[in-house]
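Novice: Sending over a structure as structure tokens; questions will come in a sec.
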Amino acid sequence: MQLALTHTKAAGLFRIHVDDDVLADLSRRLHRTRWTSLAPGDTWVLGASRPYLERLLSYWANGYSWRRQEAQLNQLPQFTADIDGARLHFVHQPANSPQARALLLHGWPDSFHRFHKVIPRLARSFHVVVPSLPGFGFTGRIARPSREQPNTAMPRGGHFAALEEPELLAGDLRAFFRPLRSS
């Protein structure tokens, strides 16, 4: 696999931290929700069930702990790197063996969180790298179009050195694990 060299600044450690004022604003907005009238029968045929949404909102407003989730996500080694003027967020979990091959994962259209439970297990055999794709998670949007072909521009060296010859590129882990389950 040929990876294009880009203009890259060194990767730096990254920790998730949402400011208290942002969380307080979210809480205020959740508590100010204005509900529409119930639909006849209140089934999912005409959209989301209002009682379901009320229970979900109550959980988010009163039961969910962002700080607990933030601490759990911060257990993964996270970094950011500036690549051609855009910030790329990624998880890099080194393998137990320095000779291990790289495994590049991504979830579309979501974030590294999709893989948070399997990253430690996969790191037994692979150097696992999971970027947050542009515009998702903690990766910024792309500031300008690239001259490179889409999805080919990757930096070299440092955290990305193992990606020069990746073992596997996976966006859909079901396709990867399906053959393992059938054997």
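The values are calculated or read from the model by the stated rules, or taken from the named source; none is laboratory data. Since the structure is predicted, the reported quantities are computational estimates derived from the model, not experimental observations. We place every Cβ from the backbone using ideal geometry, glycine too, and count neighbours over all the protein chains shown.
Novice: Anything in the range 21-80 that is over 30 Å from residue 120 (Cα atoms) and either among the β-branched types (Val, Ile, Thr) or touching a Pro at 6+ places or on another chain (Cβ under 6 Å) (or both)? List them, or say none.
Specialist: Hits for the range 21-80 are 22, 33, 36, 43, 45.
Novice: Being over 15 Å from the mean Cα position of the chain (by Cα), exposed (fewer than 15 other Cβ atoms within 10 Å of the Cβ) and more than 16 Å from residue 118 (Cβ to Cβ) is the filter here, so list the residues in the range 72-100 that pass it.
Specialist: 85, 97, 98, 99
Novice: Of the conditions (1) farther than 30 Å from residue 76 by Cβ; (2) at pLDDT 90 or above, residue 59 satisfies every one except a single condition; which number is it?
Specialist: Here residue 59 meets the rest and fails (1).
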